[in-house]
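I have placed the structure first, in the form of structure tokens, so that the comments after it can refer back to it.
The values are calculated or read from the model by the stated rules, or taken from the named source; none is laboratory data. Note that the structure is a prediction, hence the values are computed from the model and not measured. Here the Cβ is made from the backbone with ideal geometry for all residues, glycine too, and neighbour counts use every protein chain on show.
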Amino acid sequence: MRALYLKEKLVFEERDIPVPIPKDNEVLIKVNSVGICGSDIHYWAHGKLGQFLVEKPLILGHEFSGEIVKCGTDVKGLIPGDLVTVEPMDVCGKCEACRKGRYNLCPDLKFFATPPYDGALREYIAFDSSFVFKVPKGIDQEMATLAEPLAVGVFSSKAVNVGLGDKVIVYGSGVVGLCCMISAFSSGASEVVVTDIKEERLMLAKEIGASYTYNSLKENPEKFNSYFDIAFECSGATFGIIDASKKLKSGGTIAALGFNVNRTQEVPLAEMIFLEQKIIPTLRYANVYPATLDLLLKNKDIFEKFITHRFSFNDAQKAFIAARDDNKAVKVLINF
């Protein structure tokens, strides 16, 4: 089968590798569509993201959909022909975190397209059926790739207990930030404000339902000081948590999702102690994919607007360039 490896920074190399043979608990998936994530762009452009270094050729892509072509003997509830998406990880299932259902914190977690583990830019993947989910009717192969970033928003909203009538601010209007906005509304938020420095992204946020948007390079509305119950910090910007603290009421909560490439962010700890504000970091997701797929289906008209660029497998390099350089790019897909 064909597989696309990141050979070195900015350089892909196609290889012919064997089609995997699924184990008893696995399904063999023919990959249909792969979404390009910000982490993929970092590995492609810089060869690293935080502590993760690309030290050998790596297959990128962890947001994907595909069709089951073969099932292992122990697989239940899935059959060949099913359109599926996956939680792109492998965990031990035995450690304390896994036993408590917090498998996203498994110390032996192997996450797709995070060095040294290969991702989805290949024709076939054998995957543990426990992490494979049938896509509901009404969601096509392209939209199914959005389940992965949406799961991040659903998991984070659950972690900070967004509730009925909450006022929410989202820092960063990339795909994850927009997914946090949608998840917050679905959890009962009465108002969600989105801030960013990219006008094109803010326009989309407003189009799909943001209560208010503003460019933080141009304004910082004082009317929002001590206004919000919850903040989602999705940008990773150095000032993000500092500003979020100013915008929160006493007792407010910051969901920390954004990943600063320098691995540090400033925190106004004294002020947050005085106001009893909380920071809750959230890592990826766990136990939310069924709810995520339901939310995706209910909001499919909105999510159709996310997919701005489509490329073939043969044009993967062009896809990554567009994802990095085109200001109008939201979600760039590579289709097989």
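Taking the options 170, 152, 160, 194, name whichever one is under 18 Å from the mean Cα position of the chain (by Cα), closer than 30 Å to residue 12 by Cβ and not hydroxyl-bearing (Ser, Thr, Tyr). Quick ask: steps written out before the conclusion?
On the way: 170 fails: closer than 30 Å to residue 12 by Cβ; 160 fails: closer than 30 Å to residue 12 by Cβ; 194 fails: closer than 30 Å to residue 12 by Cβ.
Just one listed residue meets the conditions, 152.
Would you mention how many residues in the range 279-295 are assigned to a strand (DSSP E or B) and within 15 Å of the chain's Cα centre (by Cα)? Spell out how you get there, then give the answer.
First, the residues of the range 279-295 that are assigned to a strand (DSSP E or B): 279-281.
Of the ones still in play, those that are also within 15 Å of the chain's Cα centre (by Cα) are 281.
Selection size over the range 279-295: 1.
Residues are listed down the side, and each one gets a yes or a no for (1) surrounded by fewer than 19 Cβ atoms within 10 Å (Cβ to Cβ); (2) out of contact with any Pro (no Cβ under 7 Å at 6 or more places or on another chain); (3) modelled with pLDDT under 95; (4) polar (S, T, N, Q):
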| residue | (1), (2), (3), (4) |
| --- | --- |
| 57 | yes, yes, no, no |
| 72 | yes, no, no, no |
| 80 | yes, yes, no, no |
| 99 | yes, yes, no, no |
| 124 | no, no, no, no |
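Out of the strands (runs of 3 or more DSSP E) lying entirely within the range 1-66, which hold 1 or more residues that are without any contact (Cβ under 8 Å) to a residue 12 or more places away in the chain?
Details: elements: 2-8, 11-16, 26-35.
In the range 1-66, 11-16 are the strands (runs of 3 or more DSSP E) which contain 1 or more residues that are without any contact (Cβ under 8 Å) to a residue 12 or more places away in the chain.
Take the range 309-324 and flag every residue that is assigned to a helix (DSSP H, G or I) and touching a residue at least 40 places away in the same chain (Cβ under 8 Å). Let's see the steps before the verdict.
Here is the first cut: in the range 309-324, the ones assigned to a helix (DSSP H, G or I) are 313-324.
Matches in the range 309-324: 313, 316, 317, 319, 320, 323, 324.
From the list 230, 321, pick out the single residue that is outside the structural domain of residue 164 (by TED's automatic domain parsing), farther than 23 Å from residue 143 by Cβ and either out of contact with any strand residue (DSSP E or B) (no Cβ under 6 Å at 6 or more places or on another chain) or not charged (D, E, K, R) (or both). Even if it seems obvious, please write down each step before you answer.
Values: 230 fails: outside the structural domain of residue 164 (by TED's automatic domain parsing).
The conditions single out 321.
Pairs please, first residue from the range 193-204 and more than 10 Å from residue 178 (Cα to Cα), second anywhere and basic (Lys, Arg) and part of a helix (DSSP H, G or I), Cβ atoms under 9 Å, 6+ apart in sequence or on different chains.
Listed by first residue and then by second, the contacts come to 193/247.
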